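Computed from the coordinates by the stated procedures, all read-outs in this text should not be read as laboratory data. None of the values given here were measured: they were computed from a predicted structure. Glycine gets a Cβ as well: all are built from the backbone with ideal geometry, and neighbour counts include every protein chain shown.
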Amino acid sequence: MTSEAQKRRPSRKHRSPSQANSGATSAKPALKRKKSSTSQTSADAPTPQWPAILREAQQRFGIKRFRCGQKEVLEEVFRGRSVLGLMPTGAGKSLTYQLPALFLPKPVVVISPLIALMQDQQEKAQEAEIAVEKIDSTLSQSQVREADEAIDEGIAQLIHVTPEKLENPEFLKMLNDAGGISLLVVDEAHCISQWGHDFRPAYLNVGYARKALGNPPVLALTATATEQVADEILDSLHAKNAKVVNAGTERDNLHFSVYARSTPMPSSRASPPCSTRKRARASSIRPASAVRTSFTTG
């Protein structure tokens, strides 16, 4: 890689083995910043330098152009504003925080509900040569210390945590002592409204964690949210003035089709053919005896 982002490489002294193997780098900021500008509505907000941003997107992620909603969300993030991104599955939501992590002066903290999701995002970030840390219950004490040191030394650009981690005052203090964060990301943000009270109560405290971190801009991402759910998300995050970017829910690569049958279905609980990543549950599908329903991805 020959971009300017390689000119400043962090020390590998405290980097975890997985990062050392990935060759994670720090990127040169591509924004015109004014140190005195902290307000999200300030006229002095930094102006995104799109040629440099797109160059990094091409070199690190193989992206030739942004998908629907991505640039709109990135525009708000790079200008230091809070935003709620409603983007369908497969629309590239992770790029809207992975790419800023290369340019923003402080780390980007990402809250995820599932350890498997965090692991997947960590691996993708490492492939893109982003200095990433993941802190969850699967780590040993020595691995947690290595991650803490990477954060304390200012090496980590992207930090994946569970919502419960942000309930830890010591962790919040460590982030503040290290200089704070540039962006707080809430992935699967619908959990705040739809599942928060029963499934993951810690999601309801993310807004207070944000306040403890100095109210950095927040990026909330979800593939599904009604207007009421969207309002609840922003209210809980104390970000009522955030811009909402709605890219819709349509997926061009998803196709539903219905075929007439000349003979009855052998079973009223038959499952349709499915070639998507997620297996259809037969118990939730009850096609009529004279109709066959299927969906495929292109």
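Calculated FRET efficiency, Tyr259 and Glu227, Cβ-Cβ r, R0 51 Å, to nearest 0.05? If you can, show how the numbers build up before the last one.
Numbers: r = 36 Å, r/R0 = 0.70.
About 0.90, to the nearest 0.05.
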Query raised in the report: Quick one: which of 61-71, 104-114, 229-239 comes out on top by average Cβ neighbours within 10 Å, and what's the full order, highest first?
Result: 104-114, 229-239, 61-71
Requested in this report: For region 89-104, just list the computed ³J(HN,Hα) in residue order, Karplus coefficients 6.51, -1.76 and 1.60, θ = phi - 60°, integers in Hz, with x standing in for Gly and Pro.
Outcome: 4, x, 8, x, 5, 4, 5, 6, 10, 5, 5, x, 4, 7, 10, 5
Query raised in the report: In region 110-193, what GluC sites (Glu not before Pro) fall in a loop by DSSP, with at most 16 other Cβ atoms inside 10 Å?
Result: Glu153
**Report entry** Ile130 long-range amide H proximity, modeled H, under 5 Å
**Finding:** Thr25
Query - Contour excess over end-to-end distance, with Cα ends at Gln59 and Asn241 and 0.36 nm allotted per residue - result: 62.1 nm
